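The structure appears right after this line, and notes come after that.
The values are calculated or read from the model by the stated rules, or taken from the named source; none is laboratory data. Keep in mind it's a predicted model, so treat the numbers as computed, not measured. Backbone-built Cβ (ideal geometry, glycine too); neighbour counts: all protein chains shown. The protein model used for the area step is the full one, side chains on, heavy atoms only, and it has no ligands, DNA or RNA in it. Shrake-Rupley method; radii C 1.70, N 1.55, O 1.52, S 1.80 Å.
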Amino acid sequence: MVERCVKVYSRFNRLWHWSQAGSIMLLFFTGARIMGLHALMPFGLAVTVHSLVAMALLVLWVFATFWLFTTHGWKQFIPRLTGFLQVARFYAYGVFKGEAHPYSKTLERRHNPLQAGSYFALKMLLFPAIWVTGLAYLSYGFWDSADGQGLWLTIIANLHVLAGFAIAAFVVAHLYLLTIGHGFKRHVQPMITGYDRIDLNPEEEAYLEQKGLVRATPLYKD
């Protein structure tokens, strides 16, 4: 195996990532206003922006899901137990002792076991929870007659907020992990340029060089 700079993130992949990130931050901001945590914008405007951005993000999520399945990118997010404890130990202890990362990226498995498990939970549990409760909340006017005491609305609203805080916790942890190890620039740059350091076997290296997806010069220095 040899480490090379390979274009592993397509233009759509990067567009989806940054559009999703920007939308989530805007949803946090407007959601906090709706909850009364700040008064930096009118309440009605916050509700409108929150609803429109949420619907736009839902459409993007549908397209991204279709893209992941048609390109087989979904396989990157399947969690595995092999190496999970080693990676978890590294982030909890080893990184502060200057230890080397126990996981090496490959073309088929760019995400380490901890990343894959976290992304899987995000996409299969938290995102569906936020969408289902959000759509139920938004369409309350169509089924309010079946909720005489408003009990279901209260439950749905609380579950929506709970899912939102869980996603916020994921974002905080994600940003924190970007600052350790090789540093923020090394972690973020691949999602800007599309290139990342990947361990390739000779067959993969030859194929990707033929396709022009391998960078001849180093992308960044440690």
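Observations
- In the set 109, 80, only one residue is among the basic types (Lys, Arg), within 27 Å of residue 2 (Cβ to Cβ) and in contact with a Pro (Cβ under 9 Å, 6 or more places away or on another chain); that residue is 80.
- Of residues in segment 14-52 being open to solvent by less than 40 Å² (accessible area, probe 1.4 Å) and of a type in the set (Val, Ile, Thr), the one farthest from residue 119 (Cα to Cα): 49
- Between 74, 61, 67, the distinction of being touching a Leu at 6+ places or on another chain (Cβ under 7 Å) and either open to solvent by 90 Å² or more (accessible area, probe 1.4 Å) or closer than 21 Å to residue 15 by Cα (or both) belongs to 74 only.
- Among helices (runs of 4 or more DSSP H) entirely within segment 59-138, having at least 3 residues that are in contact (Cβ under 8 Å) with a residue 40 or more places away in the chain and of a type outside the set (Val, Ile, Thr) singles out 113-121, 127-138.
- Only a single criterion out of (1) farther than 28 Å from residue 79 by Cβ; (2) in a helix (DSSP H, G or I); (3) open to solvent by 40 Å² or more (accessible area, probe 1.4 Å); (4) not hydroxyl-bearing (Ser, Thr, Tyr) is not satisfied by residue 174, namely (1).
- Subset of segment 109-163 that is among the small types (Gly, Ala, Ser) and open to solvent by 80 Å² or more (accessible area, probe 1.4 Å) - its residue that is farthest from residue 90 (Cα to Cα): 145
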